[in-house]
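First up is the structure itself, then whatever we jot down about it.
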């Protein structure tokens, strides 16, 4: 009889809420995988995008634990299921989706990562909020809201740790320096990243995701 999976705990700092829905950063899924003794994570390209296959890239990710458990899943990416600015990076997106899916399966976490989203608007617009996301247990207690020093959002609660993680991860995908990231934040919100409000941080994440 197959061994029943136990639900993995995901630290609150890796969870970001965008427009009423919870997502996590890839770093959080990877951290949870290492807690389950991740031994090997490999990606194989099954299909290169070209005109004959409608420019669809398909990758397969395989994860193995130190206990010998093996998990496998695929990720696909094509011009129709990614943001237009991701189209030049279909193989990378396919690989990211495959890794995220296999690690979420391995850790029994049923929540999408910000990094694997093709078009944030489509995902955020589907479903009706957190009721669809019941697999996550948070280690830490919810923080009390703190007023932001700056930021232009209507919600003045200061940027969360998870939002900060998401912004930094997405900026790396754009090969942005810290100075460039701060400049973009000040141009868009007249605030440093550290002092963004929750609502401004959410908008910043969406902007970075669409152009990553």
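One residue is enough: does segment 125-132 have a residue meeting the conditions surrounded by 15 or more Cβ atoms within 10 Å (Cβ to Cβ) and at pLDDT below 90? So that I can check it myself, show each step before the final result.
Start the filter on segment 125-132 by keeping residues that are surrounded by 15 or more Cβ atoms within 10 Å (Cβ to Cβ), which leaves none.
Within segment 125-132 (the criterion being surrounded by 15 or more Cβ atoms within 10 Å (Cβ to Cβ) and at pLDDT below 90), the answer is no, since none of the residues qualifies.
Considering each residue of segment 42-100, count those that are closer than 27 Å to residue 31 by Cα and in contact with a strand residue (DSSP E or B) (Cβ under 9 Å, 6 or more places away or on another chain), and give that number.
Of the residues in that region, 39 qualify.
Consider segment 72-83. How many of its residues are under 18 Å from the mean Cα position of the chain (by Cα) and over 13 Å from residue 50 (Cα atoms)?
Let us first name the residues in segment 72-83 that are under 18 Å from the mean Cα position of the chain (by Cα), namely 73-77, 81-83.
Retained after the next criterion (residues that are over 13 Å from residue 50 (Cα atoms)): 73-76, 81-83.
Final tally of qualifying residues: 7.
Could you check how many residues of segment 32-57 are assigned to a helix (DSSP H, G or I) and closer than 18 Å to residue 74 by Cα? Talk me through it step by step, then tell me what you get.
Let us first name the residues in segment 32-57 that are assigned to a helix (DSSP H, G or I), namely 32-35, 51-53.
Cutting the leftovers down to closer than 18 Å to residue 74 by Cα gives us 33, 53.
Number of matching residues: 2.
Which residue, of 13, 21, 36, is more than 14 Å from residue 110 (Cα to Cα), surrounded by 17 or more Cβ atoms within 10 Å (Cβ to Cβ), at pLDDT below 90 and within 18 Å of the chain's Cα centre (by Cα)? Quick ask: steps written out before the conclusion?
Numbers: 21 fails: more than 14 Å from residue 110 (Cα to Cα); 36 fails: within 18 Å of the chain's Cα centre (by Cα).
Of the residues listed, the single one that is more than 14 Å from residue 110 (Cα to Cα), surrounded by 17 or more Cβ atoms within 10 Å (Cβ to Cβ), at pLDDT below 90 and within 18 Å of the chain's Cα centre (by Cα) is 13.
Just checking, which of 91, 111, 29 is surrounded by 14 or more Cβ atoms within 10 Å (Cβ to Cβ), in a loop (DSSP other than H, G, I, E, B) and in contact (Cβ under 8 Å) with a residue 40 or more places away in the chain? I'd like the intermediate steps shown before the answer.
Numbers: 91 fails: in a loop (DSSP other than H, G, I, E, B); 29 fails: in a loop (DSSP other than H, G, I, E, B).
Among 91, 111, 29, only 111 is surrounded by 14 or more Cβ atoms within 10 Å (Cβ to Cβ), in a loop (DSSP other than H, G, I, E, B) and in contact (Cβ under 8 Å) with a residue 40 or more places away in the chain.
The values are calculated or read from the model by the stated rules, or taken from the named source; none is laboratory data. Here the structure is a predicted model, which means the values were calculated and not measured. Every residue, glycine among them, receives a Cβ derived from its backbone with ideal geometry; neighbour counts consider all protein chains shown.
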